[in-house]
Amino acid sequence: MKFLIVGGAGYIGSHMVKMLAKAGHDVLVLDNLTTGFRQSVKYGRLIIGDLADINLLETLFTQNQFDGVMHFAANSLVGESMNNPAKYYRNNVSNTLNLLDVMVRHNVKHFIFSSTAATFGEPEYVPIDEKHPQKPINPYGASKLMIERILQDYAQAYSLNSVCLRYFNACGADPEGEIGECHDPETHLIPLILQAASGRREYITVFGRDYPTVDGTCIRDYIHINDLCSAHALAMDYILTGKETGALAFNLGNGTGFSVQQVIDVVNKVITEDNCTLTIKDGERRPGDPAILVADATQAKTKLGWQPVFADLETIVRHAWAWEKKQIKKDTK
Ligand code: UFG
């Protein structure tokens, strides 16, 4: 099969490209490299370009007959989206429309979309299943929800089959150590803690210890990057084989929540083996952080046959730590 992977040089996209290429698929990556890295594309062919460039999209779809498209390219910082919503609506919504429209023009009917737990907003109950109301509380979540809505209308009008996968907290790294998480700026908990442990950062700040949770810190559902990617592969197969048509959506998480303190405890256990230590500071709550976000991924399991392989938090941390140690070596070379 031939797939276009938009945003294939980013954290999740690059792991997806590797998984598809290793399964024998022909993969073309389109990435503007604003947040992705050329060196993360270890497989397939990289085209450097932007979804705003309609002529480039036209050329790509004229020259290649894609069986399906996976779309990972987006801005994804909640705080930034509050201060600069225009960037989020332009890139995440308007540019995605360019991609959907070129697919329609070229009769490419299978689309997997990176959506997010942020489309749900403040949870009304946990674990969050697909029936949970979607009321995003920031432009990032709103921009993703708009595409979910657009996909329903495109299914109706143009028979475009799609699956929106709503990620909870993506983390971990390629178990073979070839690729991993590299954000600049880094805002995610696990890489930040590991950078504090490796000495690339002085300390980690815990954002609030007064939440209504077991130990007062926020609870999240951490899902290994390879488990996320395997869900994408299954979702693509699901629509390619016509098991269902239309615009579908699944929540993706392990269904188990870990508090920030519990994550720190697991990291401490792992880094001790390398004689590393961690400095922790307590800070204020980060605005917009719900106390608890945990997924109910029953639908993905029953319909797609998805089964997470790296659900254990310690395994996730070990893979991320192996990647972080590789980054320190690179920095000191
Ligand atoms: N946290 C800290 N200190 C830090 C960084 C994070 O205590 O330095 C805490 C946060 O307050 C939160 C938890 O660690 O409770 C996880 O934070 P992340 O920033 O790693 O992840 P989020 O849960 O905020 O974000 C994830 C996705 C977003 C998505 C959001 C939906 O990464 O893309 O869920 O709510 F928008």
Assess whether LEU165 counts as being away from the ligand (no atom under 14 Å from the Cβ) and in contact (Cβ under 8 Å) with a residue 60 or more places away in the chain. no
Note: among THR256, THR217, THR213, just one is assigned to a loop (DSSP other than H, G, I, E, B), at pLDDT 95 or above and away from the ligand (no atom under 14 Å from the Cβ), namely THR256
Examine the range 31-43 for a residue that is open to solvent by 20 Å² or more (accessible area, probe 1.4 Å) and within 21 Å of SER162 (Cβ to Cβ), and state whether such a residue exists. no
On the given criteria, is ASN161 over 20 Å from ALA297 (Cβ atoms) and over 18 Å from the mean Cα position of the chain (by Cα)? yes
Condition (residue is over 18 Å from ARG286 (Cβ atoms), within 16 Å of the ligand (Cβ to nearest atom) and either of a type outside the set (Val, Ile, Thr) or open to solvent by 30 Å² or more (accessible area, probe 1.4 Å) (or both)) applied to the range 92-106: is it met by at least one residue? yes
If you take the residues in the range 227-251 that are under 12 Å from ARG166 (Cα atoms) and part of a strand (DSSP E or B), which one is farthest from the chain's Cα centre (by Cα)? LEU248
Selected residue (only one of ASP26, ASP67 is charged (D, E, K, R) and in contact (Cβ under 8 Å) with a residue 60 or more places away in the chain): ASP67
Is it true that some residue in the range 278-287 is assigned to a loop (DSSP other than H, G, I, E, B), more than 23 Å from HIS15 (Cβ to Cβ), modelled with pLDDT under 95 and open to solvent by 50 Å² or more (accessible area, probe 1.4 Å)? yes
By residue number, the members of the range 122-139 that are touching a residue at least 24 places away in the same chain (Cβ under 8 Å) and within 17 Å of TYR88 (Cα to Cα) are ILE137, ASN138, PRO139
Pairs please, first residue from the range 275-301 and without any contact (Cβ under 8 Å) to a residue 12 or more places away in the chain, second anywhere and assigned to a loop (DSSP other than H, G, I, E, B), Cβ atoms under 7 Å, 6+ apart in sequence or on different chains. LYS301/GLN307
Residues being under 22 Å from the mean Cα position of the chain (by Cα), without any contact (Cβ under 8 Å) to a residue 40 or more places away in the chain and not in a strand (DSSP E or B) - total across the range 46-64: 1
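The values are calculated or read from the model by the stated rules, or taken from the named source; none is laboratory data. Please read all numbers here as calculations on a predicted model, not as lab measurements. Quick reminder, even Gly has a Cβ in these numbers, built from the backbone with ideal geometry, and neighbours come from all protein chains shown. Note: accessible area is taken over every heavy atom of the protein model, side chains too, but ligands, DNA and RNA are not part of it. Shrake-Rupley method; radii C 1.70, N 1.55, O 1.52, S 1.80 Å.
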